[in-house]
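Everything below concerns the one structure shown next.
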Amino acid sequence: MLRAVCFAPLLALCLPLSAAAQDARPDLAALIECRGDLGQLAAIAPLLEDPLKAVALGWQPLPQANMFMSEYRLLAPVRVFGHDTDHIAFSGGGVVAVLDLPDPRPLAKQLELETAVDTPAKAMFGKEVRSEEVSDPATGKVLIDSAVLNVSNVSSHPDKTLAGCSYSLDLPGDEADEDAGDEAAPPAPAAQPG
């Protein structure tokens, strides 16, 4: 199931969560606006893996209009970036609000985001709002805890704007490059019979 696959790497990187943190109602506005953290996002994973748990919180699973997103209708709207919405989506290490804004550009400008793509058909904007060094308690290795605010449109949701936050926990740039360099190149694929 896509929901479990998307959050498995995320969960593997997170610190163990207390029982209280796991049972608490998630602060969706904080997560969407990059005021949350990776641990709070990971605490939502059980809700995404078990639709009954999501329903118990008042989240109605929606049909999957986009194969990369798990979408929900909320019982009560959440206010994010000055807009109310009852439609949210999760994708990989991120959560977005699906806003009734046909053009993402004004919101991206309001949030002072950088342009990644801006064509008539596709618009993507973003900005790293947090990048902090943290220590992995198990290995002592230094990791970068990052949050990136993003605003975009997507063809599966015409006349909507996706606005939210992507969270990650990565090796620092130099170490990531060294680790990639230590790995042997994969063997060339064998010729397949025609």
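Expected output is a single nm value to one decimal: the length gained when fully extending between GLU112 and GLU133, i.e. 0.36 nm times separation in residues minus the C-alpha distance. What is it? Each step should come with its number before you reach the end.
Numbers: separation 21, 0.36 × 21 = 7.56 nm, distance 2.44 nm.
Full-extension gain reported as 5.1 nm.
Averaged per residue, what accessible surface does region 30-131 expose to a 1.4 Å probe, in Å²?
Working: 5130 Å² over 102 residues.
Value for region 30-131: 50 Å² per residue.
Roughly how many nanometres apart are two label points built 7 Å out from the Cα toward the Cβ at ASP86 and LEU57?
Reported label-point gap for ASP86 and LEU57 is 1.8 nm.
Hey, what do the phi angles of region 163-168 turn into as Karplus ³J(HN,Hα) couplings, whole Hz, using 6.51/-1.76/1.60 and θ = phi - 60°, x for Gly and Pro?
Whole-Hz 3J(HN,Hα) from phi for region 163-168: 9, x, 9, 10, 10, 8.
If you take every residue apart from SER146 with its C-beta less than 12 Å away from the C-beta of SER146, what net charge results, scoring Lys and Arg +1 and Asp and Glu -1?
Working: positive: LYS127, ARG130; negative: ASP37, GLU128, GLU132, GLU133, ASP145, ASP170.
It works out to a net charge of -4.
ARG79 versus MET67, label points 7 Å from Cα toward the beta carbon: distance in nm?
3.9 nm
Would you mind counting up the charge near VAL80? Only other residues with Cβ under 13 Å from its Cβ, with Lys and Arg at +1 and Asp and Glu at -1. If you can, show how the numbers build up before the last one.
On the way: positive: ARG35, ARG79; negative: ASP27, GLU33, ASP84, ASP86, ASP100.
Charge balance near VAL80 sits at -3.
Using a 1.4 angstrom probe on the protein heavy atoms only, line up ARG130, ARG35, ARG105 by accessible area, largest first.
Values: ARG130 40, ARG35 145, ARG105 70 Å².
Listed by decreasing accessible area, they come as ARG35, ARG105, ARG130.
For ALA121 paired with ASP159, estimate the spin-label separation in nm (one decimal), with each label point 7 Å from Cα along the Cα-to-Cβ line.
Result for the modelled spin labels: 2.1 nm.
The values are calculated or read from the model by the stated rules, or taken from the named source; none is laboratory data. Being a predicted model, the structure only gives us computed values, none of them experimental. Reconstructed Cβ throughout: ideal geometry from the backbone, glycine too, with neighbour counts over all protein chains shown. Ligands, DNA and RNA are excluded from the accessible area calculation, which covers all protein heavy atoms including side chains. Shrake-Rupley method; radii C 1.70, N 1.55, O 1.52, S 1.80 Å.
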